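A quick write-up on the structure given underneath.
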Amino acid sequence: MFFNFLLTQKKFFSHIINKYNFVLALILISSPKVFSNASSSDIPIRVLIKKINSTHKYIFNQTVNVSRNSSAFAIVEKSNSAELSPGSEKITLTIQGKEFSGESFDFQSEESFTEFEKKKYRGIIRFVCSGKSLMILNVLNLEDYLRGVLPSELGNIKSDSLKEAIEAFCITSRTFALNRIKEKKKYYDLESSVLSQVFSSVETENKLCNYAIDNTKSLIVSYEGKPAQVFYSSCCGGYIEDSRNVFNATLIPYLKAHPDGEPANCRFSPFFKWQEEYSAEDIVNLLKSSGKKIGDSLEITNMNITDIYESGRAYSLDIHFSDSSVINILSKDIRNIIKRKNGKGILKSSLFKVTEKFQGEKLDLIILEGKGNGHGVGLCQWGSFQLSKEGKSYSEILQFYFPQTKIININETN
């Protein structure tokens, strides 16, 4: 089973301890990685929490077992410090002037959590070298990983009325993570940011979220006996998007476009309706920042949506200039190019309409009136909150957002 480690009797090497005052030899053997007959608490997941191109100084605020290339070789006592320097595919670990070289180093406390940069993490802190970059990973089991995801993605939820929504999201998040694990990437499975699922340290854990994780242990969303390809967003704006319009051209029967209820389940989200206002110059600057070549003397004369998807989201956006040239932006690029006016991220969604205001014949203001927050595919978090409040079970919520799927245990997958 994963994370079942055989720890042999510790052997003291007194001449090493006396000289360096930090190292205690031991042997650590890990079990092979298999999925058969495993629960999700047995499955390890590697989460990238930081990547740097310089030396990292690690302060030992607790006694830590250290493994090199997955083989244990030392115990470092509290109050010591170490430096980890990336090289050409190898890391140099320096403690009290003594250097050790390896492709990776694992730090794990005998306490419940291992500290990294004054935060507590379940499982192992792993340092891996990729080229000349140092990657810091948290390696832990899938269930404990969810304890860092749910409160980060859903917020500090305290209302019991949202219990079923939390459990529905938990099963979705577990399925998403399992699919990333199965990709078997070289260094890590997921990032700790919005590029994967937002993941945080132990300090963010939430009682209701932990209950949902324990209550749905090992359950995933499946389709035809395999883990389903699941996605989710904060607020769909009233209409779920077809995955083909966002991620790939393959038809996925349970990820088709459909209304999020009538009235919209997510109507109570603070992001259900939003508005962004730009000057024509703002739009020009955003285009230039994205790499578009625009002459300095050119001005925008018109901006309009030329085509939309069934959901109402923009498929194609045309921006016209004073020399009669046109820049066309397709759906996959719209949110990344036309960013939020405050500079704090990409546009909330591509479900918007354009209103233009002129001063005389000159375009003065471009207003985007939009709905939703995110790509809109799969489970809508705010929509699931409302369904939970209305008494729907987690299985009913998942069936609404992923029709034709089933909820099964991980060890039942093909």
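The values are calculated or read from the model by the stated rules, or taken from the named source; none is laboratory data. Computed from a predicted structure; not experimentally measured. All Cβ positions, even for glycine, are placed from backbone atoms using ideal geometry, and neighbour counts span all protein chains on display.
Per-structure values
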item	result
Leading residue by the ranking (modelled with the lowest pLDDT) among those in segment 280-324 that are out of contact with any helix residue (DSSP H, G or I) (no Cβ under 9 Å at 6 or more places or on another chain) and polar (S, T, N, Q)	297
Single residue of 318, 323 found to be outside any strand (DSSP E or B) and either in the same structural domain as residue 282 (by TED's automatic domain parsing) or closer than 17 Å to residue 362 by Cα (or both)	323
Test: residue in segment 313-326 that is touching a residue at least 60 places away in the same chain (Cβ under 8 Å), within 27 Å of the chain's Cα centre (by Cα) and under 15 Å from residue 241 (Cα atoms)	yes
Candidate set from segment 116-145 (those that are of a type in the set (Lys, Arg) and out of contact with any Phe, Trp or Tyr (no Cβ under 8 Å at 6 or more places or on another chain)); member that is surrounded by the most Cβ atoms within 10 Å (Cβ to Cβ)	119
Count - residues of segment 74-100 that are of a type in the set (Gly, Ala, Ser) and surrounded by 15 or more Cβ atoms within 10 Å (Cβ to Cβ)	3
Count of segment 228-287 residues which are farther than 30 Å from residue 408 by Cβ and assigned to a strand (DSSP E or B)	6
Conditions (1) within 30 Å of residue 258 (Cβ to Cβ); (2) touching a strand residue (DSSP E or B) at 6+ places or on another chain (Cβ under 7 Å); (3) surrounded by fewer than 21 Cβ atoms within 10 Å (Cβ to Cβ); number of the one not met by residue 378	(3)
Residue pairs meeting the criteria (Cβ under 7 Å; at least 6 apart or on separate chains; first within 16 Å of residue 311 (Cβ to Cβ), in segment 261-273; second surrounded by fewer than 22 Cβ atoms within 10 Å (Cβ to Cβ) and hydrophobic (A, V, I, L, M, F, W, C))	266/272
Out of 273, 217, 226, sole residue that is out of contact with any Pro (no Cβ under 9 Å at 6 or more places or on another chain) and within 30 Å of residue 321 (Cα to Cα)	273
Odd one out for residue 337 among (1) buried (at least 18 other Cβ atoms within 10 Å of the Cβ); (2) out of contact with any helix residue (DSSP H, G or I) (no Cβ under 8 Å at 6 or more places or on another chain)	(2)
Strands (runs of 3 or more DSSP E) within segment 97-194 that include 2 or more residues modelled with pLDDT of 95 or more	104-109, 114-116, 119-121, 124-130, 133-141
Residue check, residue 47 at pLDDT 95 or above and not assigned by TED's automatic domain parsing to the domain that holds residue 210	yes
Members of segment 303-315 found to be among the β-branched types (Val, Ile, Thr) and either in a loop (DSSP other than H, G, I, E, B) or in contact with a Ser or Thr (Cβ under 6 Å, 6 or more places away or on another chain) (or both), listed by number	306
Criterion (over 18 Å from residue 138 (Cβ atoms) and either among the β-branched types (Val, Ile, Thr) or modelled with pLDDT of 90 or more (or both)) met by exactly one of 80, 69	80
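Here is a yes/no grid of residues against (1) of a type in the set (Phe, Trp, Tyr); (2) in a loop (DSSP other than H, G, I, E, B); (3) in contact (Cβ under 8 Å) with a residue 60 or more places away in the chain; (4) not assigned by TED's automatic domain parsing to the domain that holds residue 286:
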site: 340; (1), (2), (3), (4): no, yes, yes, no
site: 358; (1), (2), (3), (4): yes, no, no, no
site: 382; (1), (2), (3), (4): yes, no, yes, yes
site: 388; (1), (2), (3), (4): no, no, yes, yes
site: 399; (1), (2), (3), (4): no, no, no, yes
site: 407; (1), (2), (3), (4): no, no, yes, yes
